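Report on the structure given below.
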Amino acid sequence: MVFLQLFVNGLQLGAIYALTAVGFSLIFGSTKIFHVAHGSAFAISGYIYWWLASKLNVPWPVATLAAVVAAAAFGLFMERFIYRPIQRHEASFFTVFIAAFGVQLFIQNLIGTVAGRGMETVTTPLSRSIEVVDGLFIAPIAAISIAVAILVFTALSYFLGRTHIGIAMRALSENPDLVRVFGLDPGRVAQYAFAIGSAVVVPGAIFTAMTAGLNPAIGTHVMLVSLAATIVGGIGSVRGAACGGMLLGLAENLAYWKLDPQWSEAVTFIVLFAFIIFRPSGFFGSSTIAK
Amino acid sequence: MTTYIINLAILIGINAILAVTLNFILGYAGIFSLAHAIFFGIGAYTAAIAAMKFGADFAVATAAGMVISGVISLALALPALRVRGEYFVAASLGLQMLAVTVFSEWKSVTGGIGGLIGIPPARLFGFDVSEPVLFLGLTIACLAVILIIIRALVRSSFGRSLKAIRDDETAASALGKNVALLKTLAVMVSSSFAAVAGSLFTFYLSFINVESFVLEVSVQIIAMVIIGGTATLLGPVIGAVIVLLLPALLTYLPYLPPTEIGSIQQMIYGLAMVLLMIFRPSGLWGYGSDSQKRGEP
Amino acid sequence: MLKSRIAAAIVGSLMCLGAAGGASAQDTIKIGANLPMSGPNAELGEIFSRAAGVAVKHINADKMLSKPVELAIEDSQATPQGGVVAMNKLVSVTKVPYVLSAYTAVSKAIAPIGDRAKVVSINGGAVGPDLAELGDYFWNVIPLVNFEAEVLIPFVVKEKGLKNIVLIFVDDPLGEAVQKVLRAEVPKAGGQLVGELQVQRATQQFASIAANVRQLKPDAIYIASFGTQVNQIIKQLRDNGVTQQLMSYSAMSTPSIAELPEAKGAWYTTQSADFSASALGQRVAKEYKEVSGKDANAYVANYYNAIMVFGILAQQLEKAGKPITGTNLLEQRRASPTFELVGGKMTFQQNGTVSAPVQIREIDGTGPGKLIK
Amino acid sequence: MSGEILFQADNISKTFGGLKAVDNVSFALRAGIVTTLVGPNGAGKTTLFNAMTGHLVPDQGAVTFLGKSILGLPRWKVARLGIGRTFQDLKLFSHMTVLENVTTATESGSWLWQTGGRASKAARIERIERALAATQLQRRRDTRAVDLSYAERKFLSIARIMASGARLWLLDEPASGLDRSSYDRFLTVLRNEVTSGVTICIIEHNLDIVQSISDRIAFLDQGKLLAEGDPKTILSDPALAAIYFGERA
């Protein structure tokens, strides 16, 4: 029964991880930009939602919409005003990395100054779990987050599989020249990637705000996990990132079954390390970058 | 006042060693490690234990740290041989996180988050060098020696081979270069010199705990290298000076609301990073703004 | 040439470091505060510095000293290195005789510096027991956690009859200290420590910890962590079907926990910081609310008291015509170890720790919550 | 004009996901001559090179150099045996100077220093200077490879293989895109090398180049070796010409 409980918890957390990882993976896949400031999009949208929903009591759909807009706007801003200028000089991988990290640092402290440095939660009955079978507690939000995750992924894979721009994005991750064939300039595609990739973190952010709670530093942790999930799933593969996030969420929680709690975080990165050594291409990734 | 400057200078020196050693693999061998703080830590812990348990001399403690760090660095070399680019970055990240867990859980050795307290003052060949001025001298000496060695290495055939691998691994191997061995050697050299910084840090603070060897530290070291300029000898040193001096200077900003001062400093620091990368991506000491693909994974 | 300009800039900035140091005017008495002002632990740093600010205001308003007191705040970022840099600056640039400290790891790192420079560091936030052994110049104005647990456990086990206790503790000196105390106290009180769950500082997900807690079927859960993690533990325990009594030490006295609905009914210990009891207390509580908009809690009392201890000692030194140095402050404290502060009388022991009356409160959503013992 | 057999491939095959890139090819390279691999795009010429230099391991077949099997050896070992190659996309060390590019080619030792002491050092320097002189890159020795002209880059890749002291050169379209004069220079360089005992195998499209340098021609199409022989017979074979110019017979 414990196992089942941990499994359910794992699914819930995994859904959130998957939702954040997918954004990172989408952006990286189609722009080859290692967007370490991805966590900031998460933090920003989470705090926007919290501020609107629990401070100003705005109805949740409006708050959610605002959060989506904020996240997308942040993504576009990064692409347009940070990454593009840097890449004008054939920037090295780490130039981008440091710039993104600088942004992350800025946002984190800005949030701290504006919203305070404590933990903020959006109180909702949804996060209260009910004993469905004896010993097995499930919160409505668990079901909701899993459902939403599935929804987002179906929408996303439709978008990537059917729409013109979506196909272009996939093409871009295969090889940039292909996109010109589509008569699209990579810049546009990149903007879409950033807008959409950043927007999909919103559900994860909101669910986190309702369950674990937000704090200004949350972006870093999110970034680490989505990075790990992306690698485990295979860089550039949305499906992979989703499974990767799920796997990490499950691993982190199932670790409690036999291991002492303090090792659960490490498990994530053991999984990551193992994957890189033994299966660099991840679940679905094409091992182009891996040697 | 002078003591403050001296103390700051010591910290800068220690970080400069870290930046220079990281630059050796990052700038010259194209190995992008997010795990440099691990070897800083291993050096620090080894030196601390050597000094506390066996009353070891600075030189001995440092040597011990270098050896152990060099051996453990094989864990980093392994992924460096299997994968490249973002994959390796992620691998080193994973390693960094694991190391932090080990540092904080292996309490019998590292003292966990409580850390190791009461590390004896540094002695070198029987002389007490814990006096700030003397210790600064020691730090600068270490930095100088490491700079000289790295300069020699970079200009040697070894250095050329590394650069060749950085620029094109396939061509390098087609010219008979044993890429695996070369990379492993590079990582070992870099890691064992990083341990020197760790040893200095230990004797300087006389208290260490895991918080000084976490991911943020690794990132800060990278920042030093990139801001200073990769694959240049002095770039990383400049980077270290700037990265440590900037916050120190910011603390002199007048009229900041006291409760916000920390955040505002951090914001300015973050902003500075971004602007530098936008307007001088090749680093302050790098080759002007000419396009350099070096560092591209 | 850019490179030369960089070099020039660096030299210049070093000089201005020097200048700024030299310029530190002596028409005020400067005392230092080495607190986490940025990063995940900054919420507490904010509380600490504001409380200290109130005390400084009082000292100056009441003309306790010949010159006005000025508080120099440095950011320790709650890390040893940050703390050491800040401490060095306070000691050798700002040249303060007295420094506020917080956080066990930081305190451990800065204590040697204070000891060498004969500068008093006083801690009002960290409660790790090993802070009692950091030398003459390191004082604690907060009762260390062992005092608190020794009061709470008998109350819970004997009076409330909650026999089976589960401990959730963070893997740092504080958590381990609590673990040690509970292992001793719980059986002594006739209870049983049915589970010990260790968590990492970085951990943010506790749903599965909750699952384990439920398995252990305790009567009460003791939470030994600090910062936002305490909030997360409380919320996620409640969210995940843990209905038993929650309890902790003074870390539970942050406003964000007071506002956390899930925390309602939780018990926590703190040295008696009953602001309503004395006129002084009321004055502090009122003015703190003005600057922060929040209700005063135990930490406010601690850091207010920390500054007040300085004020009183410095006053006595001035009367005696002695200069205000760390050494003299230490002497003076040993000469007159008892102070009238927020929360009543407080007496320093020889090792620089205080024994203050400890009280138990229950969180009821209104500031520090209601006093239950 | 047929020296001892230097390199031998015995019915090697390589398939990529169903597609047979090299299909059961056998052929030999004789010392001291220029053998050219010709054939339409996708004939498997480069794949064959990769199989010969250990850049990929054939699914089946044997590869021997000087009578010893080199099958499955890591690239760097193959290279140290004396098989050097150039690449279609040159693969220069872009951020290193011309001199560094050539120098590092002479240094295959993996240690912090090069073994062999003074004598070998002198020999290396001599090789470096010879390579620079032959390719007329002395004046550019301190220029970074990225900053060279196209022709200069081509010559640098030749200088590199020359300095490496390989005795069998596999050149992947080395002359493509060269203007007349530099192309002539290029031919003389090769000729001199051959006379000084180097064996060369070239992938080339341009038929008059093929004509002017080849001693032997191997014709590949769709991974199969259709014919091997002296230039006249091969180039005058109408069937092959037909295939080469794309009208499938």
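Coordinate-derived values only; no laboratory data. Only a predicted model underlies this, so the values are computations on that prediction, with no experimental measurement involved. No Cβ is skipped: glycine too gets one built from the backbone with ideal geometry, and neighbour counts run over all protein chains shown.
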Counting only other chains, and only Cβ atoms inside 10 Å, what mean value do you get across the residues of B:4-14?
4
Report the relative contact order of chain B, percent, no decimals, based on alpha-carbon pairs under 8 angstrom and at least 6 residues apart.
33
Computed over the Cα atoms of chain C, the Rg and Dmax in Å are 21.6, 78
Mind checking which helices in chain A clear 27 Å along their axis (Cα) and have mean Kyte-Doolittle hydropathy of -1.0 or more, DSSP H runs only?
A:2-31, A:93-115, A:140-162, A:238-258
Between 0 and 90°, nearest 10: helix C:145-154 axis offset from chain C longest Cα axis
20
Other protein chain Cβ atoms within 10 Å, averaged over every residue that makes up C:79-88
6
Exposed-loop-free span, longest in chain B, where chymotrypsin sites (Phe, Trp or Tyr not before Pro) count as exposed if DSSP calls them loop and at most 10 other C-beta atoms lie within 10 Å
B:126-254
Give me the log10 of I(q) over I(0) for chain A at q = 0.08, 0.13 Å⁻¹, as the Debye formula computes it from C-alpha points; what are the numbers?
-0.33, -0.88
Distance between the stretch C:225-255 and the stretch A:36-51 - C-alpha centres, whole angstrom
24
Within a 10 angstrom radius of each residue's Cβ in A:267-279, how many Cβ atoms of other chains show up on average? Whole number is fine.
5
Given N residues in the stretch D:89-164, what is its alpha carbon radius of gyration divided by 2.2 N^0.38 Å?
1.06
Gap in Å between the Cα centre of the stretch A:67-140 and the Cα centre of the stretch D:185-213?
60
How high is the relative contact order of chain A, in percent, with contacts defined as C-alpha pairs under 8 Å that are six or more residues apart?
37
Can you list residues whose amide H is under 5 Å from residue A:236's amide H, if they're 5+ apart or on another chain and H is modeled 1.01 Å from N?
A:29
Under unit Cβ charges (Lys, Arg +1; Asp, Glu -1), what dipole magnitude, rounded to 20 debye, does the protein assembly as shown have relative to its Cα centre?
1420
For the stretch A:1-115: Kirkwood Rh in Å [reciprocal of mean 1/r, alpha carbons]
15.8
Shape call for the stretch A:26-87, from the Cα gyration tensor axes a ≥ b ≥ c (a/c under 1.5 means rounded, otherwise prolate when a/b beats b/c, else oblate), comes out prolate
Top mean-square fluctuation among C:253, C:276, C:107, Gaussian network model of chain C, C-alpha springs under 10 Å?
C:276
Per-residue ellipticity at 222 nm for chain B, helices alone: DSSP H runs ≥ 4 residues times -39500 (n - 2.57), over residue total, nearest 500 deg cm²/dmol?
-23000 deg cm²/dmol
Please report, in Å, the Rg and the Dmax of chain D, where both are computed over Cα atoms only.
18.2, 61
Using all Cα-Cα distances in the stretch B:2-213, what percent lands in each 10 angstrom bin from 0 up to the longest?
9, 34, 33, 18, 5, 0
Within straight-line cross-link reach of residue C:89, aspartates and glutamates at Cα separation under 16 Å, skipping those fewer than 8 residues along the same chain
C:70, C:74, C:75, C:115
Mind listing which chymotrypsin sites (Phe, Trp or Tyr not before Pro) in the stretch D:112-202 are in a DSSP loop and have 16 or fewer other Cβ atoms within 10 Å?
D:113
The stretch D:89-164, relative contact order in percent, only Cα pairs under 8 angstrom and at least six apart counted
52
A student applying the Cα gyration tensor rule (rounded when a/c is under 1.5; otherwise prolate if a/b is larger than b/c, oblate if not) would label the protein assembly as shown prolate
State which entries of C:188/C:370; C:188/C:217; A:55/C:95 exceed 32 angstrom in Cα-Cα distance in the structure shown.
A:55/C:95
Calc'd 3J(HN,Hα), the stretch C:245-250, phi into Karplus 6.51 cos²θ - 1.76 cosθ + 1.60 (θ = phi - 60°), Hz, glycine/Pro = x, comes to 4, 9, 8, 7, 9, 5
With a ≥ b ≥ c from the Cα gyration tensor eigenvalues, square-rooted, and the rule rounded for a/c under 1.5, otherwise prolate when a/b > b/c and oblate otherwise, the stretch B:97-140 is prolate
Of all lysine pairs in chain D that are eight or more residues apart or on different chains, those with Cα atoms under 13 Å apart total 7
J(HN,Hα) series, the stretch B:138-153, from Karplus relation 6.51 cos²θ - 1.76 cosθ + 1.60, nearest Hz, glycine and proline x:
4, 4, 4, 4, 4, 4, 4, 4, 4, 4, 4, 4, 5, 4, 4, 4
So if I take the centroid of the Cα atoms in the stretch B:229-245 and the same for the stretch D:27-84, what is the distance between those two points in Å?
46
Burial order of peptide ranges A:5-17, D:42-54 (average beta-carbon count within 10 Å, highest first):
A:5-17, D:42-54
Hey, got the dipole for the stretch B:66-205? About the Cα centre, +1 on K and R Cβ, -1 on D and E Cβ, debye to the nearest 20?
420
Any idea what the dipole of the stretch D:89-164 comes to, in debye rounded to 20, about its Cα centre with Lys/Arg Cβ at +1 and Asp/Glu Cβ at -1?
140
Eight or more residues apart or on different chains, and alpha-carbon atoms under 27 Å: count the Lys pairs in chain B matching that.
6
In terms of the charge dipole of the stretch A:2-278, which places +1 on Lys and Arg and -1 on Asp and Glu at the beta carbon, the residue among A:49, A:97, A:169 farthest towards the positive end is A:169
